[in-house]
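Visitor: The structure under discussion is supplied below as structure tokens; questions concerning it will follow.
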Amino acid sequence: MAKYHIESVQEWAPFTHNGQSYSLSHLNAHEIIYKGKTQDFKFVVTYGMHCFTKDGTPYNIPFKYQDARESISVCLERYEASKQLQHILPNLPSLMLYQTTEEKYFTLQMMNSATNQLEPYKICVAFFKENRLMRLHVLSAFFARTGPGAPGEPIPQKPVSLFKVAVDTAKKPRDSGRPKEVNNR
């Protein structure tokens, strides 16, 4: 049963491939509170399917996961890495966010269980208000091999702190727009 009145998947159903069950409960909706100097910010956190799916990777299994918007191949590299997302997000105040047109992203160094290498891990997020709730939706998360944040690729955007983003989000009117990717239930 849905815990929040929002348009995102709140509980991801497990899937089975070759007789093995894969839990996605680590991507279920939850709350997180960031404690600022003068104000605390509570967000409802949800995750998109691109945290564990991607067509055309060497780590794909022949299984397509489907939400209300699309059907994409499960990528075991992304799936294994996604298990760390709930542990990474509490550290967001110590990381710098970079903004593109519609989303923000950050990178950090993380061990890739598929390659046994320390690699840049890029997490793309959207901040918005929905039904009076401050929302943080993880759009996608992947090991950055090309583009900004990849090895040898500088990040051209100016960094911004989580608390600047939180203050700006809090000032927005409710239902002030959200990326189409969050409407996935």
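Visitor: Which condition from (1) over 26 Å from Ser8 (Cβ atoms); (2) free of Cβ contacts under 8 Å to residues at least 12 places away in the same chain; (3) not in a loop (DSSP other than H, G, I, E, B); (4) not β-branched (Val, Ile, Thr) is the one that Gln109 breaks?
Guide: Checking Gln109 against (1) over 26 Å from Ser8 (Cβ atoms); (2) free of Cβ contacts under 8 Å to residues at least 12 places away in the same chain; (3) not in a loop (DSSP other than H, G, I, E, B); (4) not β-branched (Val, Ile, Thr), the one that fails is (2).
Visitor: Turning to a different aspect of this structure: State yes or no: is Gln99 open to solvent by 50 Å² or more (accessible area, probe 1.4 Å) and under 28 Å from Asp67 (Cα atoms)? Show your work before the answer.
Guide: Working: open to solvent by 50 Å² or more (accessible area, probe 1.4 Å): yes; under 28 Å from Asp67 (Cα atoms): yes.
Here the answer is yes, as Gln99 does meet what is asked.
Visitor: Right, something else. Which one of these does Gln66 not meet: (1) open to solvent by 80 Å² or more (accessible area, probe 1.4 Å); (2) of a type outside the set (Ser, Thr, Tyr); (3) more than 17 Å from Glu130 (Cβ to Cβ); (4) modelled with pLDDT of 95 or more?
Guide: (4)
Visitor: Can you pull out the residues in segment 85-106 that are part of a helix (DSSP H, G or I), in contact with a Leu (Cβ under 8 Å, 6 or more places away or on another chain) and more than 16 Å from His30 (Cα to Cα)?
Guide: Pro93
Visitor: Based on this model, can you work out whether Leu139 counts as assigned to a strand (DSSP E or B), in contact with a helix residue (DSSP H, G or I) (Cβ under 9 Å, 6 or more places away or on another chain) and either farther than 23 Å from Gln84 by Cα or not acidic (Asp, Glu) (or both)? Step through it out loud before you land on a result.
Guide: Values: assigned to a strand (DSSP E or B): yes; in contact with a helix residue (DSSP H, G or I) (Cβ under 9 Å, 6 or more places away or on another chain): yes; either farther than 23 Å from Gln84 by Cα or not acidic (Asp, Glu) (or both): yes.
So Leu139 fits the description; yes.
Visitor: Residues to consider are Leu162, Leu133, Leu139; find the one that is surrounded by 20 or more Cβ atoms within 10 Å (Cβ to Cβ) and more than 20 Å from Thr57 (Cβ to Cβ). Spell out the reasoning first.
Guide: Values: Leu133 fails: surrounded by 20 or more Cβ atoms within 10 Å (Cβ to Cβ); Leu139 fails: more than 20 Å from Thr57 (Cβ to Cβ).
After applying the criteria, what remains is Leu162.
Visitor: Looking at Gln117 and the list (1) closer than 23 Å to Pro154 by Cα; (2) touching a strand residue (DSSP E or B) at 6+ places or on another chain (Cβ under 6 Å), which single condition is not satisfied?
Guide: (2)
Visitor: Could you give me the residue pairs with C-beta distances under 6 Å whose first residue belongs to segment 146-173 and is part of a loop (DSSP other than H, G, I, E, B), whose second residue is open to solvent by less than 80 Å² (accessible area, probe 1.4 Å) and of a type in the set (A, V, I, L, M, F, W, C) wherever it lies, and which are 6+ apart or on separate chains?
Guide: If the second residue must be open to solvent by less than 80 Å² (accessible area, probe 1.4 Å) and of a type in the set (A, V, I, L, M, F, W, C), the pairs left are Pro148/Ile155; Gly149/Ile155; Ala150/Ala144.
Residue-wise test of (1) farther than 21 Å from Asn183 by Cβ; (2) under 16 Å from the mean Cα position of the chain (by Cα).
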residue: Tyr47; (1), (2): no, yes
residue: Cys51; (1), (2): no, yes
residue: Tyr59; (1), (2): yes, no
residue: Asp67; (1), (2): no, yes
residue: Glu70; (1), (2): no, no
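Visitor: Another question about this same structure. Scan (1) open to solvent by less than 40 Å² (accessible area, probe 1.4 Å); (2) at positive phi; (3) at pLDDT 90 or above for the single condition Ile123 breaks and write down its number.
Guide: Status for Ile123: all satisfied but (2).
The values are calculated or read from the model by the stated rules, or taken from the named source; none is laboratory data. A quick note: this is a predicted structure, and the numbers were derived from the prediction, not measured. Every residue, glycine among them, receives a Cβ derived from its backbone with ideal geometry; neighbour counts consider all protein chains shown. Remember, those area values only see protein heavy atoms, side chains included, never the ligands or the DNA or RNA. Shrake-Rupley method; radii C 1.70, N 1.55, O 1.52, S 1.80 Å.
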